[in-house]
Amino acid sequence: MEALFNWLNGIIWSNALIALCLGAGLWFTLRTRVMQVRGFAEMCRLTVTGQKSDAGVSSFQALAISMAGRMGIGNIAGVATAIAYGGPGAVFWMWVMGFLGASTSYIECTLAQIYKEKDAEGRYRGGPAYYIEKAMGLKWYAVTFAVATVIATGLLLPGVQANAIADSASNVLCGAGACEAVGGAGALKLWIGLGVAAVLALIIFGGIKRIATFAEVVVPFMALAFILMAVIVMIANAGKVPAMFADIFSSAFGAHAAFGAIIGQAIAWGVKRGIYANEAGQGTGPHAAAAAEVSHPAKQGYVQAFAIYFDTMLVCTSTAFLLLSTGMYNTFRTVTENGKETLVEIFSGVPGLQPSEGAQFTQAAVESVLPGWGAGFVALALFFFAFTTIMAYYYMAETNLTYLAGVKKTHPLATLLLRLGIVGMVVFGAYHNAAMAWTLGDIGVGLMAWLNVIAILILQKPALIALRDYERQKKLGLDPVFDPEALGIRNAHFWKKQA
């Protein structure tokens with residue numbers, strides 16, 4: 001079974017998907033006239049303004065929900081994994097993906113707002129399934145995305161996050177003798193999984209309002225605390241910072257003596273983990289974006305573009321600098337012999353750790369500067385990062401379940417089964433091995449990315465029209481209001497009623 005999943009993952013994450021995501025980001029950057037640079041001030045302004053209603057959440061709450069989904073273990077363990085396979089140069093390609101991904105996020109999240117609707121309970125719902133059906137007119141394609149998303153966010157991806165929580169926590173607790181007390185590391189991970197599942201159940205059974213309230217409090221706090229820790233570690237290793245930047249840029253272009261030979265791995269893993277971390281193009285962010293109460297769809301497009309910057313340029317970069325400035329990372333070269341791939345270590349900063357044990361690299365980095373409690377801090381940070389991501393995954397799965405129900409209210413049994421399924425996968429993922437959890441997570445991310453990126457490349461026009469309309473109204477000194485009929489945008493039924 002493991003060999004089958006690895007084979008499937010290799011097909012999904014071929015060079016074609018890497019090229020598709022990079023190419024789409026570059027295309028949208030050109031088509032929006034580099035809006036992620038021109039509109040940066042507007043992004044920041046809109047992030048902290050806006051209203052909420054009984055039907056929708058505020059722009060900041062929508063940002064917090066989407067950031068909860070973006071800021072998971074990809075920001076801590078995933079960055080370490082990218083460096084393990086691609087060397088320091090992978091960080092540069094993560095930056096490239098983050099910069100280009102901001103425009104991709106604008107397109108998909110603006111589309112989600114344009115084609116959002118109210119569900120049977122009067123709440124805003126939207127996302128790729130909604131805009132694929134309304135703008136493309138392909139119901140089967142929309143249903144395919146919705147089913148893939150329910151499977152990915154409800155079953156495949158939560159296990160990755162839970163596994164990282166269990167691994168990092170057991171790494172700290174076993175050192176304090178907890179493993180012996182409960183019968184071994186496996187038993188401890190199981191208990192951790194059960195605890196996380198219990199807390200998750202308390203929140204997701206409360207619905208979107210409880211998820212939004214929890215996210216807007218926890219997400220900013222945990223992100224800023226982690227960034228502050230990275231700054232402290234870099235100050236302690238200030239003398240190594242110039243060499244760190246030299247390694248990043250030289251290995252990104254194949255000029256580094258040790259890492260230059262793995263430039264292909266650097267690009268592939270930088271883009272792969274960049275997508276996993278910031279989720280631009282994956283189709284997850286639009287679900288939260290559609291829930292926002294705004295007067296114009298472009299407003300939430302700007303806010304979600306800012307989310308990519310924050311996630312990649314600040315949080316992911318903080319992890320990368322932690323690892324590279326302390327030297328607490330390993331890098332491997334993939335070698336094929338007799339048709340079998342093996343890993344050859346070309347740099348060993350933490351002997352014995354494998355690429356799938358990414359969180360432990362970050363723990364070792366902080367521990368090297370703050371011995372005694374650094375590993376515990378990372379375990380706590382990772383818990384909040386991963387837990388809020390699982391929480392956001394549930395919201396995405398629930399939204400697509402609502403889409404599949406159509407105009408009817410989602411059957412209570414279907415919602416209950418989804419909640420029990422995601423809670424069960426948290427326990428399963430916490431107990432299972434990390435390599436398998438990552439493989440399943442990559443399959444989920446890859447499937448959604450293929451379906452969504454192709455869709456938004458076809459459907460980009462309404463989002464671009466909305467951008468021009470927003471900029472035009474701003475120049476006139478107005479608070480932009482959206483009228484799809486005047487702009488020639490069809491099937492935007494919610495906004496047509498508002499106009």
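Give me the pairs, please: first residue somewhere in region 401-430 and in contact (Cβ under 8 Å) with a residue 40 or more places away in the chain and within 13 Å of Gly154 (Cα to Cα), second residue anywhere and part of a helix (DSSP H, G or I) and of a type in the set (Asp, Glu), beta-carbon distance under 8 Å, and either six or more positions apart or on two chains.
As it stands, the answer is Leu418/Glu398, since those pairs meet every condition given.
Which residues, taken from region 314-333, are modelled with pLDDT under 85, among the hydrophobic types (A, V, I, L, M, F, W, C) and surrounded by fewer than 24 Cβ atoms within 10 Å (Cβ to Cβ)?
Leu314, Phe332
Among the residues of region 397-440, count how many are within 19 Å of the chain's Cα centre (by Cα), among the aliphatic types (A, V, I, L, M) and farther than 29 Å from Asn171 by Cβ.
1
Sort through Ala463, Ala430, Ala449 and tell me the only one that's touching a Leu at 6+ places or on another chain (Cβ under 6 Å) and either under 30 Å from Ile165 (Cβ atoms) or assigned to a helix (DSSP H, G or I) (or both).
On the way: Ala430 fails: touching a Leu at 6+ places or on another chain (Cβ under 6 Å); Ala449 fails: touching a Leu at 6+ places or on another chain (Cβ under 6 Å).
None of the other options fit; the residue is Ala463.
Failed condition for Leu447, given (1) buried (at least 16 other Cβ atoms within 10 Å of the Cβ); (2) within 16 Å of Leu111 (Cβ to Cβ), with all others met?
The one condition Leu447 does not meet is (2).
So is Tyr431 closer than 17 Å to Ile151 by Cβ, among the hydroxyl-bearing types (Ser, Thr, Tyr) and buried (at least 18 other Cβ atoms within 10 Å of the Cβ) or not? Walk me through how you get there before you give the answer.
Numbers: closer than 17 Å to Ile151 by Cβ: no; among the hydroxyl-bearing types (Ser, Thr, Tyr): yes; buried (at least 18 other Cβ atoms within 10 Å of the Cβ): yes.
No: the conditions fail for Tyr431.
Which members of region 382-401 meet the condition of being buried (at least 24 other Cβ atoms within 10 Å of the Cβ) and under 17 Å from Val79 (Cβ atoms)?
Leu382, Phe385, Ala386, Thr389
Within region 361-391, track down each residue that is within 26 Å of Thr153 (Cβ to Cβ) and either part of a loop (DSSP other than H, G, I, E, B) or not β-branched (Val, Ile, Thr) (or both). Even if it seems obvious, please write down each step before you answer.
Initially, region 361-391 is screened for residues within 26 Å of Thr153 (Cβ to Cβ), giving 362, 378-391.
Ala379, Leu380, Ala381, Leu382, Phe383, Phe384, Phe385, Ala386, Phe387, Met391, listed by residue number.
On the basis of being touching a Gly at 6+ places or on another chain (Cβ under 8 Å) and closer than 25 Å to Glu471 by Cβ, does Ala298 make the cut? Steps first, please.
Working: touching a Gly at 6+ places or on another chain (Cβ under 8 Å): no; closer than 25 Å to Glu471 by Cβ: yes.
No; evaluated as a whole, the condition is false for this residue.
Given Ala112, Ala102, Ala24, which one is in contact with a Ser or Thr (Cβ under 7 Å, 6 or more places away or on another chain), crowded, with 24+ Cβ neighbours inside 10 Å, at pLDDT 85 or above and among the small types (Gly, Ala, Ser)?
Numbers: Ala112 fails: in contact with a Ser or Thr (Cβ under 7 Å, 6 or more places away or on another chain); Ala102 fails: in contact with a Ser or Thr (Cβ under 7 Å, 6 or more places away or on another chain).
Just a single option satisfies the conditions, and that option is Ala24.
Under the condition of being aliphatic (A, V, I, L, M), out of contact with any helix residue (DSSP H, G or I) (no Cβ under 6 Å at 6 or more places or on another chain) and at pLDDT 80 or above, which residue from region 53-99 is surrounded by the most Cβ atoms within 10 Å (Cβ to Cβ)? If you could, list the steps in order and put the result at the bottom.
Our first condition is that a residue be aliphatic (A, V, I, L, M); within region 53-99, this holds for 55, 57, 62-65, 67-68, 71, 73, 76-77, 79-80, 82-84, 90-91, 94, 96-97.
Cutting the leftovers down to out of contact with any helix residue (DSSP H, G or I) (no Cβ under 6 Å at 6 or more places or on another chain) gives us 55, 84, 96.
Remaining after also requiring at pLDDT 80 or above: 84, 96.
On the way: Ala84: 26, Val96: 19.
Result: Ala84.
Taking region 101-144 on its own, how many of its residues are under 17 Å from Leu401 (Cα atoms), of a type in the set (Gly, Ala, Ser) and not in a helix (DSSP H, G or I)?
4
Of everything in region 288-346, what is in a strand (DSSP E or B), free of Cβ contacts under 8 Å to residues at least 40 places away in the same chain and not basic (Lys, Arg)? Give them in sequence order.
Of region 288-346, the ones in a strand (DSSP E or B) are 292-293, 330-337, 340-346.
Going one step further and asking which of them are free of Cβ contacts under 8 Å to residues at least 40 places away in the same chain, we end up with 335-337, 340-345.
Answer for region 288-346, where residues must be in a strand (DSSP E or B), free of Cβ contacts under 8 Å to residues at least 40 places away in the same chain and not basic (Lys, Arg): Val335, Thr336, Glu337, Glu341, Thr342, Leu343, Val344, Glu345.
The values are calculated or read from the model by the stated rules, or taken from the named source; none is laboratory data. Keep in mind that this is a model prediction, so the values were computed, not measured. Don't worry about glycine lacking a Cβ; one is built from the backbone with ideal geometry, like all the others, and counts go over all protein chains shown.
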